[in-house]
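The values are calculated or read from the model by the stated rules, or taken from the named source; none is laboratory data. As the structure is a computational prediction, the values presented were derived from the model and not from experiment. Cβ atoms come from the backbone with ideal geometry, glycine included; neighbour counts cover every protein chain shown. Accessible surface areas use protein heavy atoms only, side chains included; no ligands, DNA or RNA. Shrake-Rupley method; radii C 1.70, N 1.55, O 1.52, S 1.80 Å.
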Amino acid sequence: MRRQWWHGLTAYQIYPRSFRDSNGDGYGDLQGITEKLPYLKELGIDLVWLSPIYKSPGIDNGYDIADYQAIDPLFGTMEDFDALMEKARELNLKIIMDLVVNHCSSEHEWFKKACADPGCEEASYFYFREGRNGHEPNNLRANFGGSIWDKVPGQDNLYYCHFFAKEQPDLNWFNPKLREKIYAMMNWWLDKGIAGFRVDAIMCIGKDPTFPDFEPDPLGDGRCGCGAMNERCNDVADRFLREMHERVLKPRNAFTVGEVFCLNKNNIERFIGEDGNFSAIFDFAARETLTAHCAYFAYEKLPVSKYREVTFRSQELTNDVGFLCPVIENHDEPRGVSTYLPPLWHNARGAKALGTVNLLLRGVPFIYEGQEIGMTNSRFDTIYEFKDLQSHDEYQKCLAHGLSEYEALRILNDEARDQCRTPMLWDDTLNAGFSTGIPWMRVHQDYPHLNVKAQMADPDSVWHHYKALIALRKNPEFKDTITYGRFKALPDPNGHTLAFLREGERNTLMVIANFGEGSVTFDTYDTARPLLTSGEVHLNAHSVTVAGGSSAVLLL
């Protein structure tokens, strides 16, 4: 495998509006991020992904972009961004931006011109289609509910396509002029010094422009989720992504991580092979398994054994191909500790053990803000505390399914994307040190004791464990093994253990995380020595015993 500059890095995702508010308006901003970059450096982070900071109406919290080359005033100015980049360079931190080009905002100049004159050039940047027999052009359902079609303003039978909110019209990648504008914009940001992009919802660009009807799914509204078209049109997306790779990313040696689902042996090579469309892709195997239903109310708790099965399958699939980005959580998911672990381990012990797995799997791990202190799900008391479009759509699905408001709220508290969007917990002062104003979103109820300041002062905290894990990844003695070493699964003796080897040319590491109630024991060599442990671990002459809620990293 050809070695790249980004191999061996540890990445961190910032959700800007919830990270740090510098001016007291209740929203996180660029100056707040700049202020906290030394904190990330101390933790050991190498690369930072910023969720969207572009000019946006904020219908989907910034993923509806009105101007790709302007900073939203909510976050500051372009001068603030330049200052952030300067500070990042000073600290040797790489910055990547969100690339959101399946859709833009209905407030983008392109779309406003298209609506004003459906015969103009900009109209061809979108999917405008005539209705069929007095109905929408087809029966696909948008990701936030309802049809993917809305009428073009002022038109009786002309519709535009949106796979997400109606304020997020989809861009027509079949138009070469549009693609050229997107590539020019990407190069503009690369010229400003960013290291690359996280590529959002990119497989959605794979569409059948004839927009046929699809077999309705079990939700019962006569529609089918729009993802069904994407799955059928992966080859279309691949064609466009290959061009983007050749025209922009490869010549600039930019790092890209794709938001890609349905990973398999037939597509993995072209996604992340030696000359793949992306540098890496997120491993969403566990999330895909959990969410393989048409509504939150149908989700089923994922046992640790299943989490192990799908995560290890992804590792084995990519051993000889390329790099995944292991993740526990991000801005589109609830907190991982609350989602994937038994209730017994929804605490610091569970967070440490799960972090051990996340950071020592093969790949470029991403830590989401607050993960490094073991943040769990917040407790939302009413539907009005939820800000996300999807949360409100799923709440209505619950009610339509016959569930009570209490039951619907319980489900959202388990599954809503809002769970990872609550403010970062910096200290035990008002609003957890996030803002001196009224936060845009409720603050986690446990902030008086669950916060960065308290954990940095406690050498046995989740934060210090994460810092030690990142230091282990950088240790010259083990770096090659952790970066390039093969992944090899070990048995699961109790149905609650994730154990594996990382086999390198110079040494082999054994990683064990036990999420059961009782202890598990694994055979080792008499020369084995512990490199990092959490919870209760006992190393004997020829074996190691790991208690429930504990983890161990051994040099064999």
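Work through the residues other than V236 whose Cβ is under 15 Å from its Cβ and net out their charges, Lys, Arg +1 and Asp, Glu -1.
Value of the local net charge: 0.
Cβ neighbours within 10 Å, averaged per peptide: list 212-219, 337-344 in order, most packed at the top.
Output ranking for 212-219, 337-344: 337-344, 212-219.
Compute the distance in nm between two label points, each set 7 Å from the Cα along the Cα-to-Cβ direction, one at T77 and one at S519.
Output for this residue pair reads 6.3 nm.
What accessible surface, in Å², does a 1.4 Å probe find on W426, ignoring ligands, DNA and RNA and rounding to the nearest 10?
So the heavy atoms of W426 present about 20 Å² to solvent.
Using a probe radius of 1.4 Å on heavy atoms only, what accessible surface per residue do you get for the stretch 154-310? Whole Å² is fine.
Accessible area per residue: 40 Å².
Starting with the highest mean, order 50-59, 530-539, 381-390 by the number of other Cβ atoms within 10 Å, averaged over the residues of each peptide.
50-59, 530-539, 381-390
R239 versus E385, label points 7 Å from Cα toward the beta carbon: distance in nm?
4.9
At 0.36 nm per residue, minus the direct Cα-Cα distance, what do E269 and R3 gain on full extension? Give it in nm, one decimal, please.
The span from E269 to R3 would gain 94.1 nm if fully extended.
Computing the accessible area with a 1.4 Å probe over protein heavy atoms, can you report the carbon and sulfur percentage for the chain?
48
Which shape class applies to the stretch 231-371: rounded if a/c is under 1.5, otherwise prolate when a/b exceeds b/c and oblate if not, where a ≥ b ≥ c are the square roots of the Cα gyration tensor eigenvalues?
Cα axes put the stretch 231-371 in the prolate bin.
How much length is gained on full extension from E121 to T436, taking 0.36 nm per residue of separation minus their Cα-Cα distance? Write out the running numbers ahead of the final one.
Working: separation 315, 0.36 × 315 = 113.40 nm, distance 4.69 nm.
Stretched fully, the E121-T436 segment lengthens by 108.7 nm.
Place a point 7 Å from the Cα of V321 along the Cα-to-Cβ direction; which residues of the stretch 271-315 have their backbone N under 14 Å from it?
So the set is 271-285, 311-315.
In the chain, what % of DSSP beta bridges are antiparallel (nearest 5)?
About 60 percent, rounded to the nearest 5.
Along the stretch 52-67, what does the Karplus equation 6.51 cos²θ - 1.76 cosθ + 1.60 (θ = phi - 60°) give for ³J(HN,Hα), rounded to whole Hz, x for Gly and Pro?
For the stretch 52-67, the Karplus-derived couplings read x, 10, 6, 4, 7, x, x, 4, 10, 6, x, 7, 10, 9, 8, 8 Hz, x marking Gly and Pro.
Taking the mean number of other Cβ atoms within 10 Å as a proxy for protection, how do you rank 358-370, 250-262, 101-113 from highest to lowest?
358-370, 101-113, 250-262
Which value, in Å², gives the accessible area per residue of the stretch 499-556 when a 1.4 Å probe is used on the protein heavy atoms?
44
Near the amide H of Y54, under 5 Å away, which other amide H atoms are found, from residues 5 or more places off or on another chain, if H is placed in the peptide plane?
D72
Taking θ = phi - 60°, what integer Hz values does the Karplus form 6.51 cos²θ - 1.76 cosθ + 1.60 yield along the stretch 498-515, in sequence order, with x for Gly and Pro?
Rounded to whole hertz, the list is 10, 9, 7, 10, 10, 9, x, 6, 9, 7, 10, 10, 10, 10, 9, 9, 10, 10.
I'd like the FRET efficiency for E300 and R252, computed as 1/(1 + (r/R0)^6) with the beta carbon distance as r and R0 of 35 Å, rounded to 0.05.
Plugging the Cβ-Cβ distance into 1/(1 + (r/R0)^6) gives 0.20.
Determine, from the Cβ-Cβ distance of E231 and N494 and an R0 of 41 Å, the FRET efficiency 1/(1 + (r/R0)^6), rounded to the nearest 0.05.
About 0.70, to the nearest 0.05.
Under a plain spin-label model, where a point goes 7 Å from the Cα along Cα-to-Cβ, how far apart in nm are H401 and E288?
2.2
Once ligands and nucleic acids are excluded and a 1.4 Å probe is used, how much of D320 is accessible, expressed in Å² to the nearest 10?
Roll a 1.4 Å probe over it and D320 shows about 120 Å².
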